[in-house]
Amino acid sequence: MPVVKQQDIELAEVEMNGVVDTQKANVIGEAEGWQDHTLRVFRIGAGGQTPHHQHEWEHINYIMKGKGALTIGDETTEVKQGDFAFVPANTMHQFRNPHSSDFEFICIVPNRGA
């Protein structure tokens, strides 16, 4: 069973329309033996955001560090370290970091969404 140490995760800038100061790493997926899903880590810097978007797959999130705002559909909720979230398929959503420190979370998606 692969073990990935947090300090060994290498995040890369996310280059997409609507993205501001966001980095991502695919940590555990097919290469590590998980055929159906991928566990990704995102870091959103102060004032950063993911795009306001939707897609055909759901995802599960766990907030690792800091706090931020998660919009799912028409509802925005503040999330913080230790919180979990489920984003349904085909639902508009966005993560934002209106705070002054980094906001980090795990995002698990089916491999068609990795």
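The residue that is surrounded by the most Cβ atoms within 10 Å (Cβ to Cβ), counting only those in region 1-28 that are within 22 Å of Pro110 (Cβ to Cβ) and small (Gly, Ala, Ser), is Ala25. Residues of region 69-114 that are among the small types (Gly, Ala, Ser) and touching a strand residue (DSSP E or B) at 6+ places or on another chain (Cβ under 8 Å): Ala69, Gly73, Gly82, Ala85, Ser100, Ser101, Gly113, Ala114. Residue pairs whose Cβ atoms lie under 8 Å apart, sitting 6 or more positions apart in sequence or on different chains, and linking a residue in region 25-37 that is closer than 16 Å to Ile9 by Cα and touching a residue at least 12 places away in the same chain (Cβ under 8 Å) to a partner that is basic (Lys, Arg) and surrounded by 10 or more Cβ atoms within 10 Å (Cβ to Cβ), are Ala25/Arg40; Asn26/Arg40; Val27/Arg40.
Each residue in region 29-59 was checked for being open to solvent by 50 Å² or more (accessible area, probe 1.4 Å), of a type in the set (A, V, I, L, M, F, W, C) and within 17 Å of Arg112 (Cβ to Cβ), and 3 pass.
Among the residues of region 40-61, is there at least one that is assigned to a strand (DSSP E or B), on the phi < 0 side of the Ramachandran plot and among the hydroxyl-bearing types (Ser, Thr, Tyr)? No - not one qualifying residue is present in region 40-61. Under the condition of being within 24 Å of Val79 (Cβ to Cβ), of a type in the set (S, T, N, Q) and out of contact with any strand residue (DSSP E or B) (no Cβ under 8 Å at 6 or more places or on another chain), the residues counted in region 8-48 number 1. Residue by residue through region 72-88, note down the ones that are crowded, with 18+ Cβ neighbours inside 10 Å and of a type in the set (Ser, Thr, Tyr). Selection gives nothing.
The values are calculated or read from the model by the stated rules, or taken from the named source; none is laboratory data. Values in this document were obtained by computation on a predicted structure and should not be read as measured data. Ideal geometry is used to build each Cβ from the backbone, glycine not excepted, and the neighbour counts take in all protein chains shown. Protein only, heavy atoms only, side chains kept; ligands, DNA and RNA dropped before computing areas. Shrake-Rupley method; radii C 1.70, N 1.55, O 1.52, S 1.80 Å.
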